[in-house]
Amino acid sequence: MNREMFHLTARPQVERPSLILGWTKDIGAVSRGVVDFLAEAPGSRSFGHIVPVHFFPVGGVTVRADVARFPQSRLFCNERNNTVILRSDEPQSHKYEFLNRVLDLAEHYNGAEALYTIDGIASMIPHTATRRVFLVSNDPLLQRELRRFVPAGLAWQGPPHTSTYLLWLAKIRRLPGVSLWVEVPFYLADSEDAQAIKTGVSLLNRIFGWDYDLRDLDQRAAEQDETLAQLREEDPEIDTRIRLLEQGESLEQQERQELLDAVQGALREHSG
Amino acid sequence: MSVKLYREPELKRPIMLCGWSGIANVGLAAVNTMRRLMRAEEFGQIEPLGYFDPTQVVIANGLIEDLRFPTTRFFSHRRQDRDLVFVIGEQQPEDPEKAYEMAGEVLDVAQNRDLEAVCLLGEVPYYLQGAPWPYPKASIAVLEVLGSLLRVPLDLSGLHDSAARVEANIDQVLETLAGAEELPERVREEMDSLRHPHHVDLGPITEAEKHEMLDHLDELFRGEVGNES
């Protein structure tokens with residue numbers, strides 16, 4: 001591992017860990033929500049970051065709520081669970097080099113056991129539906145092993161997500177890996193879907209046999225449901241469209257856009 | 001990032017013709033058409049990893065089956081006098097450093113860095129440079145020059161058909177734009193001049209001018225100026 005590429009503040013005591021990666025921006029903030037939970041879970045601690053030079057534009061900085069936001073790729077470990085967690089912005093350039101850096105990290109600890117990424121995927125479901133999870137793997141054996149937790153495999157042909165590119169590069173380097181894709185109602189894609197985050201964490205809990213307390217996530221999901229129920233009461237249009245989705249009907253493009261705009265606007269107002 | 005050669009063709013004083021995607025894909029279409037017409041055989045490629053991000057993934061039943069990248073492939077064609085090598089690049093690296101590296105890899109295949117080289121630029125109307133379609137007229141212009149220089153008869157009927165379709169498309173777009181209500185006056189004037197151009201007769205190219213131009217390029221392709229490619 002080229003140490004100039006990493007800024008490490010501690011040496012985690014892990015051996016062939018599972019590497020779990022989450023991006024800071026994704027559909028329904030599922031990826032971020034899950035890794036945030038894992039990074040803050042008991043036993044987790046930060047141990048450094050990937051040096052961001054080359055991977056992110058330096059043309060400016062975003063300031064949100066009086067806080068300057070710099071690109072980051074932070075590393076956490078949980079020795080109790082033998083996991084290394086990477087919470088990162090998606091690289092904006094030199095993607096190949098960045099992803100290989102992640103894989104260098106995986107190889108550093110005597111070769112990681114496996115690589116896991118978790119992301120949201122927008123779907124035409126109502127928020128009252130159970131979130132399904134789809135699996136994409138680079139290794140048939142790992143896929144078979146995980147089938148009891150995630151029976152649904154994704155089928156897709158089109159532009160690849162960065163997580164998929166990472167899995168492909170991991171395959172070249174003989175590291176088995178999976179991407180877990182949690183369904184997010186399309187009208188929550190631009191905000192946080194607490195139900196999907198809970199589904200993601202709960203799935204990892206089962207796969208790894210962890211016993212994390214999910215009550216906080218349960219509460220956030222319940223609050224989200226409550227907010228959306230209130231929106232339905234206040235706005236009959238929103239209610240009608242969500243009810244159509246609940247009945248398995250599809251919405252026209254314009255109806256979808258209107259529902260999305262209405263829900264996003266209402267959620268902003270609610271949080272503001 | 002490396003070159004993968006499936007075989008090493010034995011070539012005689014080859015001329016290398018490179019076409020990459022770019023403005024209206026003029027070079028790519030020209031070199032690729034010539035490669036196809038001459039039935040050149042593929043003999044290698046530049047590994048795309050590191051140069052390009054993937055453009056497509058195929059996932060079936062939860063397994064990644066394939067990840068596709070823009071290709072940069074090498075083809076060869078044997079002729080009586082000088083053989084030809086074609087380099088067909090579906091995309092150019094965005095990062096200038098990587099573009100430099102890729103150029104180096106192409107020259108590694110040429111096995112020579114002290115080369116005489118020429119770049120043929122097919123003219124594209126400025127207002128079409130960002131259009132989402134190719135501009136076969138310019139590719140035809142390039143191929144007419146190449147065919148003449150290399151003394152290769154090229155059947156460009158396919159490109160002529162494409163050019164006619166593209167022209168019809170352009171006319172339609174210009175007509176639609178001309179009919180638009182809200183169009184700044186300067187743009188409208190420019191549109192009118194495009195739709196009804198005033199041709200300036202520069203007169204035919206004289207025989208002397210033609211010979212001068214062709215001889216200059218011919219020297220280069222025949223390897224009379226300096227080193228062989």
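The values are calculated or read from the model by the stated rules, or taken from the named source; none is laboratory data. Predicted model only: the values in this text are computed from it and were never measured. All Cβ positions, even for glycine, are placed from backbone atoms using ideal geometry, and neighbour counts span all protein chains on display.
Points worth noting:
- Residues satisfying the stated conditions in the stretch B:5-43, i.e. in contact with an Asp or Glu (Cβ under 6 Å, 6 or more places away or on another chain) and exposed (fewer than 15 other Cβ atoms within 10 Å of the Cβ): B:Lys12, B:Arg13
- Breaking point among (1) surrounded by fewer than 18 Cβ atoms within 10 Å (Cβ to Cβ); (2) of a type outside the set (Gly, Ala, Ser); (3) under 25 Å from B:Phe52 (Cα atoms), for B:Leu115: (3)
- Residues in the stretch B:54-88 that are part of a strand (DSSP E or B), surrounded by 17 or more Cβ atoms within 10 Å (Cβ to Cβ) and facing chain A (nearest Cβ under 7 Å): B:Val57, B:Ile59, B:Leu63, B:Ile64, B:Leu67.
Residue by residue, here is whether (1) of a type in the set (S, T, N, Q); (2) modelled with pLDDT under 80; (3) closer than 23 Å to B:His77 by Cβ holds:
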| residue | (1), (2), (3) |
| --- | --- |
| B:Val124 | no, no, no |
| B:Tyr127 | no, no, no |
| B:Lys137 | no, no, no |
| B:Leu156 | no, no, yes |
| B:Asp161 | no, no, no |
| B:Asp171 | no, no, no |
| B:Ala180 | no, yes, no |
| B:Leu217 | no, yes, yes |
| B:Gly223 | no, yes, yes |
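- Residue check for A:Thr164: of a type outside the set (D, E, K, R), surrounded by 21 or more Cβ atoms within 10 Å (Cβ to Cβ) and away from every other protein chain (no Cβ under 14 Å): no
- Residues (within 30 Å of B:Ser157 (Cα to Cα) and without any contact (Cβ under 8 Å) to a residue 24 or more places away in the chain) located in the stretch B:96-120: B:Cys119
- The residue of the stretch A:79-101 that is surrounded by the fewest Cβ atoms within 10 Å (Cβ to Cβ), among those that are more than 14 Å from chain B (Cβ to nearest Cβ) and within 18 Å of the chain's Cα centre (by Cα), is A:Asp89.
- Criterion applied to A:Pro91, A:Pro151, A:Pro160 was being under 22 Å from A:Ala196 (Cβ atoms) and modelled with pLDDT of 90 or more, and the one residue passing it is A:Pro160.
- Failed condition for A:Asp139, given (1) within 30 Å of A:Ile242 (Cα to Cα); (2) within 10 Å of chain B (Cβ to nearest Cβ); (3) among the acidic types (Asp, Glu): (1)
- Qualifying residue in the stretch A:209-232 (condition: within 14 Å of another protein chain (Cβ to nearest Cβ) and of a type in the set (D, E, K, R)): no
- Tally, over the stretch A:148-160, of residues that are touching a strand residue (DSSP E or B) at 6+ places or on another chain (Cβ under 7 Å) and either assigned by TED's automatic domain parsing to the domain that holds A:Leu267 or of a type outside the set (A, V, I, L, M, F, W, C) (or both): 5
- Boolean, B:Ala178 is away from every other protein chain (no Cβ under 14 Å) and under 18 Å from the mean Cα position of the chain (by Cα): no
- Criterion violated by A:Arg45 - all others in (1) surrounded by fewer than 16 Cβ atoms within 10 Å (Cβ to Cβ); (2) modelled with pLDDT under 95 satisfied: (2)
- Residue check, B:Glu101 surrounded by fewer than 14 Cβ atoms within 10 Å (Cβ to Cβ) and either in contact with a helix residue (DSSP H, G or I) (Cβ under 6 Å, 6 or more places away or on another chain) or closer than 23 Å to A:Phe98 by Cα (or both): no
- Residues of the stretch A:56-77 that turn out to be without any contact (Cβ under 8 Å) to a residue 60 or more places away in the chain and touching a strand residue (DSSP E or B) at 6+ places or on another chain (Cβ under 6 Å), as a count: 6
- Residue in the stretch A:23-31 that is hydroxyl-bearing (Ser, Thr, Tyr), within 22 Å of A:Ala221 (Cβ to Cβ) and surrounded by fewer than 20 Cβ atoms within 10 Å (Cβ to Cβ) present: yes
Here is a yes/no grid of residues against (1) in a strand (DSSP E or B); (2) more than 22 Å from A:Arg268 (Cα to Cα); (3) in contact with a Ser or Thr (Cβ under 8 Å, 6 or more places away or on another chain):
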| site | (1), (2), (3) |
| --- | --- |
| A:Thr164 | no, yes, yes |
| A:Lys171 | no, yes, no |
| A:Trp181 | yes, yes, no |
| A:Ser191 | no, no, no |
| A:Trp210 | no, yes, no |
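- Scan of the stretch A:108-122 for residues that are surrounded by 21 or more Cβ atoms within 10 Å (Cβ to Cβ) and either closer than 23 Å to A:Glu192 by Cβ or within 14 Å of another protein chain (Cβ to nearest Cβ) (or both), ordered by number: A:Leu115, A:Tyr116, A:Thr117, A:Ile118, A:Asp119, A:Gly120, A:Ile121
- Pairs where the first residue, in the stretch B:77-92, is without any contact (Cβ under 8 Å) to a residue 24 or more places away in the chain and among the aromatic types (Phe, Trp, Tyr) and the second is surrounded by fewer than 18 Cβ atoms within 10 Å (Cβ to Cβ) and assigned to a strand (DSSP E or B), C-beta under 9 Å, 6+ apart: none
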